[in-house]
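Encoded as structure tokens, the structure appears first; notes follow it.
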Amino acid sequence: MLKNSTILVTGGTGSFGNAFVPMTLARHDPKRIIVFSRDEMKQWQMAKRFQNDSRVRFFIGDVRDRERLYRALDGVDVVVHAAATKIVPIAEYNPFECVKTNVMGAMNLVDACIDKGVRRIVALSTDKASSPTNLYGASKLASDKIFIAGNSYAGARDTRFSVVRYGNVMGSRGSVIPHFLSIRDTGVLPVTDLRMTRFMITLEQAVEMVWHAVGDMSGGETYVRKIPSIGIRDIARAVSADARLEVTGIRPGEKLHEQMISADDAMYTWEYPDHYTILPSIRGWSEDPHRIGAGKRVPEGFSYSSDANDQWMSVESLRAWIEAKAPELAEAAR
């Protein structure tokens, strides 16, 4: 599906796009990758990385602008939707802007992809969309539902939508590891709550999950990769074993633990060796043998949360990863 195809990535200058573009060029040899985003400076910086690769194109635009999306999607086969307002406290204090991007932007993209005949669309989601307690999570839950319903809107057309949901992306811009690295020389690391746990996924794993979704989807699936958890105290210790931890209190809208599958979703969830898939409750799709494949239904009342995970990342393994990724993390910390 990806080889010789034209792919558009919304929000493509972010951390995900900067991993997705080179990995996909190397692994799948697409005809073209279009990086769609609204930040001209980030596009200019990213373009320098790919100035000798004619397969990479850049398109200034915003998912809030429906007409611009229609123009950008000419001849596009696959869309990966990474654009979002995603920093939890910023969304809490700027709710109108969050909704315009995360909800209205999703509606615009669904309409444009159907009308322009895009074949496969994968929307990136977040653990915060499961049982949301903040506006960012609520807006992404709405976005997920919009993309899933897009399969009904598409009718007989060969346009299919699915969602990929994952937790904290290790080393992404605005995440905790680059932040801790940027201030560790002070000898003090701020921790909101010592009990806090998080799911951990690398950018490479996030990209691979999107590839899997594009190749596997029938339409309407929410894919959840199995990944390890870690406590915030251990993240701090991996960054600096000697730093003093200063408890600052949970920020507006912040969760103590992450959840990617709720007990209410369990009746629609199927397990596979490396991931779970939540199938849509609409139109009986959760019982569709073609969508289920070799999946095994999860137990009643099952939930997938970072505090009750059966996989845990050690301080030593995270510290080794930080050392191996030092140049990229220094860039993300700027």
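The values are calculated or read from the model by the stated rules, or taken from the named source; none is laboratory data. Here the structure is a predicted model, which is why all the values come from computation and not from measurement. Don't worry about glycine lacking a Cβ; one is built from the backbone with ideal geometry, like all the others, and counts go over all protein chains shown.
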Pairs returned, first residue in region 240-259 that is at negative phi and touching a residue at least 12 places away in the same chain (Cβ under 8 Å), second residue that is hydrophobic (A, V, I, L, M, F, W, C) and assigned to a loop (DSSP other than H, G, I, E, B), beta-carbon separation under 6 angstrom, 6 or more apart or interchain, are Leu256/Met196
Name the strands (runs of 3 or more DSSP E) wholly within region 229-334 that hold at least 1 residues that are out of contact with any His (no Cβ under 7 Å at 6 or more places or on another chain), at pLDDT 95 or above and aromatic (Phe, Trp, Tyr)? 269-271, 275-278
If we scan region 164-171, do we find a residue that is in contact with a helix residue (DSSP H, G or I) (Cβ under 6 Å, 6 or more places away or on another chain), in a helix (DSSP H, G or I) and of a type outside the set (D, E, K, R)? no
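For (1) more than 14 Å from Gly12 (Cβ to Cβ); (2) modelled with pLDDT under 95; (3) of a type in the set (Ser, Thr, Tyr); (4) touching a Cys at 6+ places or on another chain (Cβ under 6 Å), each residue gets a yes or a no:
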position: Arg57; (1), (2), (3), (4): no, no, no, no
position: Val63; (1), (2), (3), (4): no, no, no, no
position: Val78; (1), (2), (3), (4): no, no, no, no
position: Ile90; (1), (2), (3), (4): yes, yes, no, no
position: Asp111; (1), (2), (3), (4): yes, no, no, no
position: Ala129; (1), (2), (3), (4): yes, no, no, no
Which one of Val188, Val176, Val169, Val164 is closer than 24 Å to Pro132 by Cα, at pLDDT 95 or above and not acidic (Asp, Glu)? Val164
Could you check Arg251 against (1) over 21 Å from the mean Cα position of the chain (by Cα); (2) surrounded by 19 or more Cβ atoms within 10 Å (Cβ to Cβ) and say which number it fails? (2)
Could you identify the single residue in Gly187, Gly231 that is at positive phi and surrounded by fewer than 23 Cβ atoms within 10 Å (Cβ to Cβ)? Gly187
So for region 155-165 (the condition being of a type in the set (Asp, Glu) and under 18 Å from Arg119 (Cβ atoms)), does at least one residue qualify? yes
Can you tell me which residue among Arg64, Arg57, Arg27 is within 19 Å of Leu124 (Cα to Cα), in contact (Cβ under 8 Å) with a residue 12 or more places away in the chain and basic (Lys, Arg)? Arg64
Residues that are part of a helix (DSSP H, G or I) and within 13 Å of the chain's Cα centre (by Cα): does region 196-203 have at least one? yes
Restricting to region 1-13, name every residue that is part of a loop (DSSP other than H, G, I, E, B) and surrounded by fewer than 24 Cβ atoms within 10 Å (Cβ to Cβ). Met1, Leu2, Lys3, Asn4, Ser5
Checking Ser15 against (1) at pLDDT 95 or above; (2) out of contact with any Gly (no Cβ under 7 Å at 6 or more places or on another chain), which test does it fail? (1)
Show the residue pairs that are 6+ apart or on different chains and have beta-carbon atoms under 8 Å apart, the first residue being within region 264-284 and under 17 Å from Gln311 (Cβ atoms), the second being of a type in the set (Phe, Trp, Tyr). His275/Tyr223; Tyr276/Tyr223; Tyr276/Trp270; Tyr276/Tyr304
Of all the residues that make up region 190-212, how many are over 13 Å from Asp127 (Cβ atoms) and surrounded by 23 or more Cβ atoms within 10 Å (Cβ to Cβ)? 1
Which listed residue is touching a helix residue (DSSP H, G or I) at 6+ places or on another chain (Cβ under 6 Å), buried (at least 20 other Cβ atoms within 10 Å of the Cβ) and of a type in the set (Phe, Trp, Tyr), from Phe58, Phe20: Phe20
Selection count, region 127-157, where residues are among the aromatic types (Phe, Trp, Tyr) and touching a Lys or Arg at 6+ places or on another chain (Cβ under 9 Å): 1
